[in-house]
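Have a look at the structure below, then the notes.
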Amino acid sequence: MFNRQRYRWTELWLLLLPSVFLLVGYFELLIVHNLSVPVTSHNLPPLDAFTPIFGLIAALFGAHLLLVIIAPDADQTLLPIAGMLTSIGVLMSLRLGPDIGVPTLGLKQLAFAIAGLAVCVLTVWATRDLRWLRNYKYTWAAVGIVLVGITLLHSHSLSTNAPSRDVLNIGSGGLSFQPSEILKICLVIFFAGYLSENREMLAISNLRVGPLKLPPLKHLGPLIAMLGLALLIFLGVKELGLAILVFGLFLSMLYVASNRPSYIIGSVVAFALGALVIYRIFPYAQQRIAIVGNAFDTTPPARIAYNAGFQIVQGLIAFGNGGVFGAGLGLGKSWIVPFSHTDYIAASFGEEFGFAGVLALIGLFMLLVYRGMHIATRPRASFNQLMAVGLTAVFAIQTIVILAGNLKIMPLTGIPLPFVAYGGSSLIANYIIIGLLLRLSQDKS
Amino acid sequence: MDNYQLLLYLRIGLVAILYLVILQIVLVSRRDLKRAEKPVAAGVATTRARQVVGRLILIDSGSTPYKPGQEFALEPITTIGRAPTNSIVLDSTFVSTEHTRILYKDKSLWVEDMGSRNGTLVNGQTIAQPVAVAPGALLQVGDVRFEFAAA
């Protein structure tokens, strides 16, 4: 079973580093807890922190051992990168939990991480033959559309102003689930199936508009449909982030499939025009842009910095308070920012790990995207290549959209920072993607 | 060493671990790339030593972006079609995905239709079986016409 030649030694070595990170973080939290001068409003009992730290280390090595058995040839850097980001997430949840009034936050995030790793291994095992994903591509698309439909209907009954509006509550046990997390995986599979069958058609251009070459009119249909879906999400669910994710995903896969920059230029121009029209018509859009533009405005009557812009302003203050090397784990005050454990996890991390830490975080995401694209170059079947590109693009777009939102570069959206933000649906969905990428990395031509 | 000093070291240590992870993954990726480079180098060597057995001169470019007079080198196996995997790619709606194949066999060039929708014409005749061609012969693939020439 444990063939020495085929053992995943690189992965084992790379997994040691997140473990050391968790242990050092645990040690630091314990010292902060024992400081005579209380620097945080609530302190963390040592035993409460014990389970999430050691539980996650055990879960990572457990997943490693299972991968040794079921997928010995799969890429060895994906699990360590995802594990490192998950470690940051669990550590931040553990540290923020007591301060935001949920002392078991770290424990909950650990439970999601274990579920995620289990689902990841299960995905690798279940997709030994990737053809069943491809054969049922319209079923996946239908599942995705139904999920969006439910969300659209459901979101009208929501009155919250939270950026994450696409939440479905299941039963009365307090379990909730974000359909958009599953939607993005369904869409990647569908796009990969559709584009791999039609890539030749899309590569032909006999319609020329000035310098732009457009595909034959009948193949423009899906493009327009996707643009429509993105705008529908934006208008119906009022989820700008999800709209950008769906549309960006489709564009990146379309570009890789057709190698036509004109499609991208044309689609982006169409999207910009659509966005402009929406901005003119809907006060909601104007409001969101106005909040970003005038976040620091303290003049009455709006007093944006204290009301709608409070989160953005406090988030920026958290980043600023971090400085270059950060305030130190457990020594920041980022819990003042609303949703500091979910939408503003980057600001919380930025305050305690500083500019240096945020750069390292971005570096980790860049490496994740690099490894994904590296995997995409190897398979021979275009369906597999496109799927790897799409799954990688999911990580890339999400990271850019939420980091830009946190840093006041674009309107804030409810997209979670992959692996780091607190939340079960997102963590599990991201581990499904890692599982699929691990499986795709075994397909070498 | 008091607690605050220890906290400073731990704080720097935590960020340092993050960079160590990045460094290690970059090193692993570099090793992967070096391993993958070898077969690529071998591929370059074989394409450089390819054999040219004849030429095709474009007479009528149809709806493709090529200019009449353009020359295409013929290898021992040359495929013509719309798919980007072909040796000669003809981006035209009248050309099938894999339209025509030209083989070099017994010191002669043979044209073979690959089951195309609009057929392959040699000297104006639709071909059903592979036919041998000499320099000067005319070849029509979809709406594109070529003339054979010696290497």
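The values are calculated or read from the model by the stated rules, or taken from the named source; none is laboratory data. What you see is a predicted model, and the numbers here were worked out from it, not measured in a lab. Virtual Cβ from ideal backbone geometry, glycine too; neighbours counted across all protein chains shown. Just so you know, the surface numbers come from the protein's heavy atoms only, side chains and all, with ligands and any DNA or RNA stripped out. Shrake-Rupley method; radii C 1.70, N 1.55, O 1.52, S 1.80 Å.
Cβ-Cβ distances below 8 Å connect no pair with a first residue in the stretch B:139-151 that is free of Cβ contacts under 8 Å to residues at least 12 places away in the same chain and open to solvent by less than 30 Å² (accessible area, probe 1.4 Å), a second residue that is part of a strand (DSSP E or B) and not polar (S, T, N, Q), and a separation of six or more residues or different chains.
Residues in the stretch A:118-133 that are part of a helix (DSSP H, G or I) and open to solvent by 10 Å² or more (accessible area, probe 1.4 Å): A:ALA118, A:VAL119, A:VAL121, A:LEU122, A:THR123, A:TRP125, A:ALA126, A:ARG131, A:TRP132. The numbered conditions (1) under 20 Å from A:PHE339 (Cβ atoms); (2) hydroxyl-bearing (Ser, Thr, Tyr); (3) open to solvent by less than 40 Å² (accessible area, probe 1.4 Å) are all true for A:TYR263 except (1).
Selection of the stretch A:64-111 for residues being of a type in the set (Val, Ile, Thr) and buried (at least 22 other Cβ atoms within 10 Å of the Cβ) yields A:THR77, A:ILE81, A:THR86, A:ILE88, A:VAL90. Residues in the stretch B:83-110 that are assigned to a loop (DSSP other than H, G, I, E, B), under 24 Å from A:ARG380 (Cα atoms) and open to solvent by 40 Å² or more (accessible area, probe 1.4 Å): B:PRO84, B:THR85, B:SER87, B:ASP91, B:THR97, B:GLU98. For the stretch A:386-407, indicate whether the set of residues that are touching a residue at least 60 places away in the same chain (Cβ under 8 Å), part of a loop (DSSP other than H, G, I, E, B) and either of a type in the set (Lys, Arg) or at positive phi (or both) is non-empty. The answer is no, given that none of the residues of the stretch A:386-407 is touching a residue at least 60 places away in the same chain (Cβ under 8 Å), part of a loop (DSSP other than H, G, I, E, B) and either of a type in the set (Lys, Arg) or at positive phi (or both).
Among the residues of the stretch A:308-326, are any buried (at least 22 other Cβ atoms within 10 Å of the Cβ), within 14 Å of chain B (Cβ to nearest Cβ) and free of Cβ contacts under 8 Å to residues at least 40 places away in the same chain? Checked the stretch A:308-326: at least one residue is buried (at least 22 other Cβ atoms within 10 Å of the Cβ), within 14 Å of chain B (Cβ to nearest Cβ) and free of Cβ contacts under 8 Å to residues at least 40 places away in the same chain. Residue selection: A:TYR370 fails the criterion of being open to solvent by 40 Å² or more (accessible area, probe 1.4 Å), among the hydroxyl-bearing types (Ser, Thr, Tyr) and at pLDDT below 90. In the stretch B:8-33, the residues that are more than 7 Å from chain A (Cβ to nearest Cβ) and free of Cβ contacts under 8 Å to residues at least 60 places away in the same chain form Cβ pairs under 9 Å with partners that are loosely packed, with under 15 Cβ neighbours inside 10 Å and of a type outside the set (Gly, Ala, Ser), at six or more places apart or across chains, as follows: B:TYR9/B:MET1. The set of residues in the stretch A:350-363 that are surrounded by fewer than 21 Cβ atoms within 10 Å (Cβ to Cβ) and facing another protein chain (nearest Cβ under 7 Å) comprises A:ALA356, A:GLY363. Inside the stretch A:327-349, can you point out the residues that are touching a residue at least 60 places away in the same chain (Cβ under 8 Å) and within 10 Å of chain B (Cβ to nearest Cβ)? Answer for the stretch A:327-349, where residues must be touching a residue at least 60 places away in the same chain (Cβ under 8 Å) and within 10 Å of chain B (Cβ to nearest Cβ): A:GLY328, A:LEU329, A:GLY330, A:LEU331. B:ASN3 meets all of the listed conditions (1) under 30 Å from A:HIS33 (Cα atoms); (2) among the polar types (S, T, N, Q); (3) modelled with pLDDT of 85 or more but one, namely (3). Within the stretch A:416-437, the set of residues being β-branched (Val, Ile, Thr) and open to solvent by 10 Å² or more (accessible area, probe 1.4 Å) comprises A:ILE428, A:ILE432.
Within the stretch A:67-89, count every residue that is away from chain B (no Cβ under 14 Å) and either farther than 20 Å from A:VAL121 by Cα or in contact with a helix residue (DSSP H, G or I) (Cβ under 9 Å, 6 or more places away or on another chain) (or both).
Total satisfying the criteria: 4.
Identify, please: which residue in the stretch A:1-56 is assigned to a helix (DSSP H, G or I), open to solvent by 10 Å² or more (accessible area, probe 1.4 Å) and away from every other protein chain (no Cβ under 14 Å) and is, among those, modelled with the lowest pLDDT? Checked the stretch A:1-56; the qualifying residue modelled with the lowest pLDDT is A:PRO46. Here A:LEU223, A:LEU202, A:LEU207 are screened, and the one residue that is within 14 Å of chain B (Cβ to nearest Cβ), buried (at least 19 other Cβ atoms within 10 Å of the Cβ), farther than 24 Å from A:THR399 by Cβ and modelled with pLDDT under 70 is A:LEU202.
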